[in-house]
Amino acid sequence: MYMINKFILGAFVFFSILTSCKKETPGYVENNLNFNASLSMDSVALGDTSSFLLSDNPDFISFYSGELGHQYIFKDRTILDGGSLKVKYETRIQNKPADSSLDVLISTDFNGMYDSANVASANWKLISNKFVFPDPSASLSVFYPSGVTSADFADLTDSVIPGQPFYYAYRYTNRTPSGIIWSIGKLGMYNVFPAEMAVPNATVIDSNQINSGSFAGVKMGDSLSRWSTSSTYLKCTNSSSAPIDAQYWYISRPLNPSAVAPDAPIVIKNITQNPLAVFKYKYNQPGVYKATFVASYSRLNFEKTVIKEVNVIVY
């Protein structure tokens, strides 16, 4: 009986200490969270600043303005059909061959095994005709755009299936026995949506991903060519003694033509900052916006999230 009473007494003391610690935690509220957000004025003129009045002292506050790319309702959206897949890059060639030795291809059934057998067994669609390559008179030291101008994109929408992953590849084929060097830079692939969908364009590939492990090289047969990367471009170097028609591929990770970036907030308060009573924000376009504040409390043995929405009229 003595041991049982001792155990009960110990449990009571532990619970009392735990409860005391919780109540002594600064800003701790058990069941009465007072965070709120409101506007000092229901509407503002374009160019003026919206002042949001905030109450209580959450540890973190994130703000979704309601503008394009910053809407709370789309914070978890990562897939969306209806866009157009656009791509552009630039190339430079040294020791030009008599005919084209670089091709661009897409596959929707490659299994992601980066070896010669699996690359050869996949179906690859040749899309080189969508791009412009340096002609025989091109300077050896200049990068040339893949379109007529550096602003021109090739449309690959008809070569992919919405929502289904695909692979994008460069293929070098040794057509003449010479030390050819191809360089590829400023690769950009984007999912572009029509204006009426009010969706920001999404990046599928950017130039930083050329050398970040997002592509893999695959040697076919006895190819003596090799791909290498620098901080700014991809380079394929061939040996003058390489077998004719030997190939070397550079293939992307699986890409989704319907991928979009989730809408993102800005963090306007963190746990180290003093209470935020007023938050000011300026909208750049007239319209009606649903601003959303996400307040998070993270205290000892206590976590809570409070979401407040405020309609903003900008005229």
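Points to keep in mind about this one:
- Qualifying residue in the range 48-58 (condition: more than 25 Å from Phe131 (Cβ to Cβ), surrounded by 17 or more Cβ atoms within 10 Å (Cβ to Cβ), out of contact with any strand residue (DSSP E or B) (no Cβ under 8 Å at 6 or more places or on another chain) and in contact (Cβ under 8 Å) with a residue 24 or more places away in the chain): yes
- Top-ranked residue in the range 106-156 [being within 14 Å of Arg92 (Cα to Cα), part of a loop (DSSP other than H, G, I, E, B) and of a type in the set (Phe, Trp, Tyr); ranked as farthest from the chain's Cα centre (by Cα)]: Phe133
- Qualifying positions in the range 162-198 - at pLDDT below 85 and in a strand (DSSP E or B): Ile181
- Some residue of the range 32-39 being exposed (fewer than 13 other Cβ atoms within 10 Å of the Cβ), without any contact (Cβ under 8 Å) to a residue 60 or more places away in the chain and not in a strand (DSSP E or B): yes
- Residues that are surrounded by fewer than 17 Cβ atoms within 10 Å (Cβ to Cβ) and modelled with pLDDT under 95, drawn from the range 241-269: Ser241, Pro243, Ile244, Asp245, Arg253, Pro254, Ala259, Ala261, Pro262, Ala264
- Screening the range 226-298 for strands (runs of 3 or more DSSP E) wholly inside it with 1 or more residues that are of a type in the set (Gly, Ala, Ser) and within 30 Å of Ser116 (Cβ to Cβ) returns the ranges 226-229, 247-252.
The values are calculated or read from the model by the stated rules, or taken from the named source; none is laboratory data. The model shown is predicted, which means the values in this text are computed figures rather than measured ones. Note that each Cβ is placed from the backbone with ideal geometry, even for glycine, and that neighbours are counted across all protein chains shown.
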